[in-house]
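What follows is a single structure, written as structure tokens, with notes after it.
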Amino acid sequence: MDKKDDTLRSLRGKKPMFWENDRRSPAAEILRKLPLTMSDVADADGRLHRFAPYLASRFPKTADGIIESPLSEAGKLKKALEKSYGTTLPRLLLKKDNDLPVAGSIKARGGIHEILALAEAIALRSGKLEIDRDYRVLEEPEFKELFSHHSVAVGSTGNLGISIGVMSAELGFNVTVHMSRDAKNWKKELLRSKGVKVVEHDDDYSTAVSEGRRICREDKTCHFVDDENSRLLFVGYAVAALRLRNQLKEMKIVVDDKHPLRVYLPCGVGGAPGGIAFGLKQLYGDSVKCWFVEPTHAPCMALAMVQDTPDITVSDYGIDGITEADGLAVGAPSKLVWSICRNLIDGVMTVEDDRLYELQYLMDRSESVKTEPSATAGLQGPLLLSPLPGETAISWLTGGSFLPDELYEDMLKKGRNLLKDPVLPDQTDL
């Protein structure tokens with residue numbers, strides 16, 4: 001049995017695996033051929049800065065209106081993981097998108113960028129806004145009135161819906177979020193509390209997206225945020241690479257051939273990890289290694305990469321798509337992301353739900369960082385791959401700060417029980 005067959009057998013059996021991309025080409029060679037460039041990312045970055053005064057006014061928790069998360073050392077977690085799983089890890093950092101303001105997840109990047117781009121286009125077209133004005137003018141009633149004649153729709157398992165819903169409602173759009181069966185009730189209630197219309201579908205993510213797209217198509221005033229194909233989402237996520245570069249410089253972390261950077265990105269449909277990987281490869285070329293991490297029960301991008309086609313669903317391979325990692329519960333990959341990343345990313349791996357709960361518990365106990373189970377997927381990478389000489393590893397945390405405390409405590413109990421006898425560093429080490 002060859003390597004591909006062995007990988008497919010693991011995927012069908014819903015077993016953890018990692019697949020190194022044997023089709024990867026030098027980043028510079030691939031990036032020259034892609035339809036998106038760094039100028040598209042710079043355009044998105046400029047838009048986010050134009051909206052910063054407005055965001056600072058409407059969402060005081062943002063730092064000067066810039067929606068960004070900390071990058072921090074995870075020395076205590078590193079020790080906890082090494083002792084609990086009997087392994088050796090490289091220097092470990094956490095990119096805390098679980099704490100992103102406004103939406104509490106990585107979706108605050110691409111999702112909010114797309115809604116801001118929509119609002120800017122409508123306002124500029126109306127003649128009520130000029131691009132060099134202070135965007136706090138958008139708080140005026142005339143803009144709420146303007147946006148109230150437009151609708152926004154999106155299909156989501158939860159976190160994208162929150163980012164789209166919260167930002168659209170704040171600006172004054174009529175917004176509908178189509179939620180799949182995987183979406184948690186607390187996320188639906190949060191949206192409803194913001195005045196967002198939530199439509200529940202007793203089916204998977206792909207159905208929620210296709211239904212939202214179909215309904216929106218019938219309304220000429222409706223903008224559909226297409227998580228499977230949106231370039232605005234993609235470049236919004238890619239801006240994270242520019243921010244991360246500044247944070248690495250502040251920490252005096254060098255990224256080059258002798259000091260490789262491995263970045264582990266939880267993956268659902270692929271937009272967020274794809275955009276971030278694209279941006280990082282633009283900045284660091286082959287010195288950065290980008291890995292996608294998916295649940296064993298929803299490995300849509302892994303199947304697409306291994307089979308070299310995006311025209312697949314997990315159900316085609318007898319995989320149920322049911323996972324506690326609701327933010328990653330996706331049955332079919334983004335064709336846009338696959339086309340950009342098929343020769344660009346370094347590989348894909350999968351992780352079991354029980355491991356996610358264990359990692360969530362260890363994260364809380366060692367670093368006091370609150371995450372959803374799906375957000376801990378990026379910690380699977382350092383556990384599976386041997387460290388490279390001079391390596392720094394980043395596990396990208398994608399959501400969790402909005403998680404209700406009662407649910408969070410139940411999850412932590414589950415993680416502790418799964419570990420049975422959790423091995424944490426001595427308190428003196430913590």
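The values are calculated or read from the model by the stated rules, or taken from the named source; none is laboratory data. Everything quoted here is computed from the prediction, not taken from an experiment. Note: ideal-geometry Cβ built from the backbone for every residue, glycine included; neighbour counts use all protein chains shown. Remember, those area values only see protein heavy atoms, side chains included, never the ligands or the DNA or RNA. Shrake-Rupley method; radii C 1.70, N 1.55, O 1.52, S 1.80 Å.
Accessible surface for residue 139 stands near 60 Å², nearest 10, in the context of the full protein assembly shown (1.4 Å probe). Close amide H pairs (under 5 Å, H built 1.01 Å from N) link residue 175 with 152, 197, residues at least 5 positions away or on another chain. The phi-based Karplus calculation (6.51 cos²θ - 1.76 cosθ + 1.60; θ = phi - 60°) puts the 3J(HN,Hα) values of the stretch 110-127 at x, x, 5, 4, 5, 5, 5, 5, 5, 4, 4, 4, 5, 5, 5, 5, 6, x Hz, whole numbers, x for Gly and Pro. Pairs exceeding 21 Å between alpha-carbon atoms, taken from 184/335; 61/370; 96/197; 144/197; 83/414; 15/107: 184/335; 96/197; 15/107.
Charges were assigned to the Cβ only: +1 to each Lys and Arg, -1 to each Asp and Glu. The resulting dipole of the stretch 278-372 about its Cα centre is roughly 460 debye. Placing unit charges on the Cβ atoms of the charged side chains and taking the dipole of the chain about its Cα centre, the candidate lying farthest along the positive direction among 251, 337, 70 is 251.
Put simply, the amide H of residue 66, placed in the peptide plane, has no neighbours under 5 Å, leaving out anything fewer than 5 places away on its chain.
For the chain, taking Cα atoms only, Rg and Dmax work out to 20.7, 66 Å respectively.
Where the eigenvalues come from the Cα gyration tensor of the stretch 195-352, what are the semi-axes √(5λ) of the equivalent ellipsoid, largest first, in whole Å? Before the final figure, lay out each step's value.
Details: eigenvalues 174, 77, 36 Å².
Value: 29, 20, 13 Å, ordered largest first.
Averaged per residue, what accessible surface does the chain expose to a 1.4 Å probe, in Å²? Normalised by residue count, the accessible surface of the chain is 39 Å². Hey, if you put +1 on the Cβ of every Lys and Arg and -1 on every Asp and Glu Cβ in the stretch 86-215, which of 210, 131, 116 ends up farthest toward the positive end of that dipole? The residue sitting most towards the positive pole is 210. Taking the empirical scaling 2.2 N^0.38 Å for compact globular proteins as reference, the stretch 1-159 has a Cα radius of gyration ratio of 1.45.
In Å, what Kirkwood hydrodynamic radius results for the stretch 195-266 from the alpha-carbon pair distances?
Details: mean 1/r = 0.0624 Å⁻¹.
Roughly 16.0 Å, rounded to one decimal.
About the centre of its Cα atoms, the stretch 336-414 shows a dipole size close to 260 debye [charges on the beta carbon of Lys, Arg (+1) and Asp, Glu (-1) only; nearest 20 debye]. Scaling the Cα radius of gyration of the stretch 345-405 by the globular reference 2.2 N^0.38 Å produces a ratio of 1.18. Report summary: the helix-based calculation at 222 nm, which adds -39500 (n - 2.57) for every DSSP H run with n ≥ 4 and divides by the residues of the chain, gives -13500 deg cm²/dmol.
Measuring max minus min along each principal axis, the C-alpha atoms of the stretch 161-225 give extents of 28, 27, 13 Å (largest first).
Placing +1 on each Lys and Arg Cβ and -1 on each Asp and Glu Cβ, with no other charges, gives the chain a dipole about its Cα centre of roughly 560 debye.
Relative to the globular-protein estimate of 2.2 N^0.38 Å, the Cα radius of gyration of the stretch 259-333 stands at 1.16.
Using the average count of surrounding beta-carbon atoms within 10 Å as a protection proxy, the listed peptides 317-328, 96-107, 195-206 rank, highest first, as 96-107, 317-328, 195-206.
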